[in-house]
Every structure is written in C-alpha cells, then in structure tokens.
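Working notes, beginning with the structure itself.
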Amino acid sequence: MTRTLSLAETDAPQLDDGDLLAAVDIGSNSFHMIVARYTLGQLRIVDRLRETVRMAEGLDAKGGLSPDFRQRALECLARFGQRIRDIPPQHVRALATNTVRALAAPQTFLMPAETALGHSIEVISGREEARLIYLGVAHAQPPKPGHRRLVIDIGGGSTECIIGTGFDTLERESLQAGCIATTRRFFGNGKLSRKKWRDAVIEVSAEFQQFANAYRSLGWQEALGASGTNKAIGEICAAMKLTKGAVTAEALPQVRDRLLMADRIDAIDLPGLSSDRRPIIAGGVLVLEAAFNVLGLQRMAVSKAAMREGILYDMLGRGSDNDPRDLSVDALMQRYGIDEAQSTRVEATAMRLFSQVQQRWALDEDDARMLGWAARLHEIGLVIAHSQYHVHGAYLLEHSDIAGFSRQEQQVLSALVRSHRRGVPKSAFDALPDRLLLRSRRIAALLRLAVLLHRSHGAEAIPQLELSADGERLSLVIGKRWVDARPLLRSDLLGEPEDMQGLGIVFKPFVA
C-alpha cells in the first residue's frame, strides 16, 4: 500500500508522470532510503528501506572510523544501491550527516561509499540538516496558517531544533548531543545511576541554554518530535499507558525513573522498547528531558516524517523556480552589500562563455548554476577588505551556514571565488572530491575571464567573444580595437595564461 504526500505549495519541476525519485539519509544511527513516484503532481511513496548501522559507535576521538563499522556502512549502501540502480542520477540525492561531518578525512569514507551506492553523496551541515527535517515534517503534517511550530529531531550524533512557520524555518540549531553520542559520553561503561543522570542532564541542558531564550521569546503553538528516538519514546509512553503516543512533561519523568530501575544499559526494561533501540535509549531520553526542562515543553507529538521526506521535497524545489539556493544567494548579496549591477554583468558574460564551451567541456546545468552563483558572489569578500578580498570571500562561503547548499557545494563555490583573480594556489581545490575537480577548474576559468572583462565595473557592453576549448586548451578571440582602447584589459589578458596555469588550463588570448 502506498501513501500519498501532498505537494502543498511546492511547484513541481519538469518531471514526467511515473518518474521515480529517491532520497538516501546516511545518519549516525540508521541509514534510510525512500523511493517515490511522481504521479499527477504528487509524490507517492513506493518503497522504504531502513537499516541500523550505528556508524557513530565506530567514531573515535581523532575522527577515525573503525573498519567494522565502515564495512557495515558500505554493505548497507550497496544494498540500497541495488534498489536505485536504474534511477537517473539527477533523481537521486544522498546526504550524510553528523558522523561523516566529524570524520577527520571524510573522503576516505565517501569515495568507497559512493562506489557502493552508485551515486554521489553530499555532506550537509547541522543547520542544513535542520532545514530539511522541518521541510519533511511540514509537508507530512501541514501546519496551521500563521502558527509557529517547534520541531526536535534526536539523531544518533546530533539533535536539531527548529522553529518554523508554514514551510519556512525561522530558527535552526544543531547540538552535538544525539542518542548514541550522549549514551557513549555519559554511560560509556554501560553503568547507570541517578547521580550520573543528574550530572549528565545538567551538562546537556547547558547546550540547550545557548539558544533557549531566543526560542522561548519567539514562541510556538505546537511541538513535534521527528526521528526514531522520539517515536520510540512516544511508544514507550503509550505502552506504559501514560499517553496515547505523545511525550508529555508528566510522562517523561516516569519513563526516566523506569529506565533507571536498571543499573546497566543492557538491563533496561521499558515497555514497548525494541531490543534494537535498547543500547541507545538512555541518551535519547536524557536529551529529551533536557530539552523539556530548558525549553519549558509540556507536550510533544510525534511526527510521521523526517529528513528523508524533506530531501524529496527539496529535490522538487531545486528543479523548479523555488530553488532554495537562489534565495540564499540573494540573501547573501543583500547582507554583504554586493554590487548587484556588477555581479549581473559578470554573470551574463560568464553564461555567454559557458554556452560556447559547454558541449566540448561536457558541462551541465548544475555547472551553469554553480557558475552563476559564483559570479553573483565573487565580490562578497569586499565586506572585509579589498586586499585579498577573493581569499576573504572564499572563507565566508566555505564556513557559513547557507541554506540549501551541501558542504561540497559550498566548497565548490569557495574554490571558484578563491581562484577568480590573481594566481591560483595548488590548495584552492584540495577540499573537493575527485569527481568535481575537472569541471570545477573549467568553470573557474570561465569565471576568471568574465571578471577580467568587467574589471572596469562599467556598464559598457562587451563586444563579440569567441571562446573555444580543446581538452584543457582554451582560446579566446576578441576585437583588437576594443582591447587597444583598454590598456589595463590588454595587460590582464597577456598575464592570464600564466595565472590560469594553476587551473591546469593552457589559455591563449587572440586579439583580431
């Protein structure tokens, strides 16, 4: 039996009836995959897969992942990959969360993981994870107009807290306090005691205190819990006949007291608790108790959805006029006072150049979008200083929380902005996975030329340009009279072949 998810206010992309979409959530506790069919403007869930991997248990203090847990994760992804083998890559999105974020060398896991899954995997920040969680919850249980909603998702490695209205988030926070991480942190030896519990609640409560005042001042009309941990605690409350499945301020202490009747993790005996969830339930209950205490919660219902549903709806937005990344780029331009006229000129020229080499360089629409965003944001670093502004801009783009962007996408943007002027250091593209290197260097070359041609910041039109590519050789033909009237441009063009060597591209300008 399939369940229909209403598209609500989301504008669908150009999909054909019957197309399949798949979302893969590589979590710290469980891996989830959801497959949906696009039918008559709606998504119908046709398959779900879930496996308990507990990757967070294999994470050590230095950011390493134990071989056993690594292998378990790869085997799970291989099984997922078999199910989605025939779905086009543009209809699949796989996202990794807290544990992969915490790896010291994430590429050593991501490369074999992508091979096992058969699709690329993106790493997202905690706040982006929070946005997608809220999106999934909002679509599964549409909020009342004008009402604010608090959503809490206790994952394996982190906990996300979001306040939103409608389908938009107002506040997003991510805490390093998930059910696995908290159980390991406070009860790593497997022993339970009331004193340990009290001390642990105080420490976790301090994490919530960082944003509690802002959240309580904003307020909300209802609270919802997403993820398996909140669902499990709700089921325990129901099995103990304390509620009908919600978690309340009266029921939660009774669940805690029943849990602490055991002196060891493996002896926990809670009605409705699965054996699979027993080893990590202590951390989940502890985090939720801290959240209830600090945020003053009285009742939290359990949501039917989580991040995986949010990924599906975000994919629809990316394929339509409602791409959240466009909104984020516009917001950054306003926030940092970017010269909109100049960025528009640079973007238009970059797109002209892109269209001339797209086929020879095997570039696609994703590359065009990335080039456009980089053109709009290439001067973002000027808010800090003109000297080395490309370096400042790259730092801002790599380390900011930008809604809609994965970490890899931000790293590409950062590399493009870092390399859009002057010499290109060898380290500029080090953070990118191998699959993105060649195309990123190529569109970086296009951005460099567009910026160079508009260095005067004037509104004058650029004459006819003829750009051709042959492998990593790039040739530009431009009118001699126009260039001769601009000695600074001529100087820049003559110096560009040397500067572009850092991209691995041989550039030749011709003035005809």
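The values are calculated or read from the model by the stated rules, or taken from the named source; none is laboratory data. On a predicted model such as this, the values are computed, not experimentally measured, just so you know. Note that we place each Cβ from the backbone using ideal geometry, even for glycine, and neighbour counts take in every protein chain shown.
Listed values, structure above:
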| item | result |
| --- | --- |
| Where GLY423 falls short, out of the listed (1) within 21 Å of GLU340 (Cα to Cα); (2) out of contact with any strand residue (DSSP E or B) (no Cβ under 9 Å at 6 or more places or on another chain); (3) in contact (Cβ under 8 Å) with a residue 24 or more places away in the chain; (4) not in a helix (DSSP H, G or I) | (1) |
| Residue ID - surrounded by the fewest Cβ atoms within 10 Å (Cβ to Cβ), chosen from residues in segment 181-194 that are among the hydroxyl-bearing types (Ser, Thr, Tyr) and in a helix (DSSP H, G or I) | THR183 |
| Residues that are surrounded by fewer than 17 Cβ atoms within 10 Å (Cβ to Cβ) and under 21 Å from the mean Cα position of the chain (by Cα), drawn from segment 50-73 | ARG50, GLY63 |
| Residue match in segment 491-509 (condition: in contact with a Phe, Trp or Tyr (Cβ under 9 Å, 6 or more places away or on another chain), in a loop (DSSP other than H, G, I, E, B), surrounded by fewer than 17 Cβ atoms within 10 Å (Cβ to Cβ) and of a type outside the set (Gly, Ala, Ser)) | no |
| Given (1) in contact with a helix residue (DSSP H, G or I) (Cβ under 7 Å, 6 or more places away or on another chain); (2) within 24 Å of LEU474 (Cβ to Cβ); (3) buried (at least 17 other Cβ atoms within 10 Å of the Cβ), number of the condition VAL357 does not satisfy | (1) |
| Criterion violated by GLY118 - all others in (1) free of Cβ contacts under 8 Å to residues at least 40 places away in the same chain; (2) of a type in the set (Gly, Ala, Ser); (3) surrounded by 24 or more Cβ atoms within 10 Å (Cβ to Cβ) satisfied | (3) |
| Among the residues listed as ASP266, ASP323, ASP314, ASP276, the single one being out of contact with any Ser or Thr (no Cβ under 7 Å at 6 or more places or on another chain), over 30 Å from LEU382 (Cα atoms) and surrounded by fewer than 20 Cβ atoms within 10 Å (Cβ to Cβ) | ASP266 |
| From LEU371, LEU363, residue being in a helix (DSSP H, G or I) and crowded, with 20+ Cβ neighbours inside 10 Å | LEU371 |
| Segment 380-391: number of residues that are of a type outside the set (Phe, Trp, Tyr) and in a helix (DSSP H, G or I) | 6 |
| ILE265 vs. criteria in contact with a Gly (Cβ under 8 Å, 6 or more places away or on another chain), assigned by TED's automatic domain parsing to the domain that holds GLY156 and over 23 Å from ALA301 (Cβ atoms) | yes |
| Residue within segment 470-490 that is of a type in the set (A, V, I, L, M), assigned to a helix (DSSP H, G or I), out of contact with any Asp or Glu (no Cβ under 9 Å at 6 or more places or on another chain) and under 16 Å from VAL346 (Cα atoms) present | yes |
| Odd one out for ILE163 among (1) in the same structural domain as VAL287 (by TED's automatic domain parsing); (2) in contact (Cβ under 8 Å) with a residue 12 or more places away in the chain; (3) outside any strand (DSSP E or B) | (3) |
| Any hit, segment 302-309, residues being surrounded by fewer than 21 Cβ atoms within 10 Å (Cβ to Cβ), out of contact with any strand residue (DSSP E or B) (no Cβ under 8 Å at 6 or more places or on another chain) and at pLDDT below 95 | yes |
| The one condition in (1) over 19 Å from GLY64 (Cα atoms); (2) assigned by TED's automatic domain parsing to the domain that holds MET33; (3) of a type in the set (Ser, Thr, Tyr) that TYR134 fails to fulfil | (2) |
| Every residue from segment 443-493 that is touching a Ser or Thr at 6+ places or on another chain (Cβ under 8 Å) and among the basic types (Lys, Arg) | ARG448, ARG486 |
| Residues within segment 195-222 that are surrounded by 17 or more Cβ atoms within 10 Å (Cβ to Cβ) and closer than 16 Å to THR169 by Cα, tallied | 3 |
| Qualifying positions in segment 392-406 - surrounded by fewer than 18 Cβ atoms within 10 Å (Cβ to Cβ) and either assigned to a helix (DSSP H, G or I) or not assigned by TED's automatic domain parsing to the domain that holds VAL329 (or both) | TYR395, HIS399 |
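Quick grid of which residues meet (1) out of contact with any strand residue (DSSP E or B) (no Cβ under 7 Å at 6 or more places or on another chain); (2) in a strand (DSSP E or B); (3) surrounded by 24 or more Cβ atoms within 10 Å (Cβ to Cβ):
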residue	(1), (2), (3)
GLU122	no, yes, no
GLU129	no, no, yes
LEU135	yes, no, yes
ALA138	no, no, yes
PRO143	no, no, no
ASP153	no, yes, yes
GLY156	yes, no, yes
LEU170	no, yes, no
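To keep it simple, each residue is scored yes or no on (1) assigned by TED's automatic domain parsing to the domain that holds ALA445; (2) assigned to a loop (DSSP other than H, G, I, E, B).
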{"residue": "ASP269", "(1), (2)": "no, yes"}
{"residue": "SER274", "(1), (2)": "no, yes"}
{"residue": "PRO279", "(1), (2)": "no, no"}
{"residue": "ALA282", "(1), (2)": "no, no"}
{"residue": "VAL287", "(1), (2)": "no, no"}
{"residue": "ALA291", "(1), (2)": "no, no"}
{"residue": "SER328", "(1), (2)": "yes, no"}
{"residue": "ILE338", "(1), (2)": "yes, yes"}
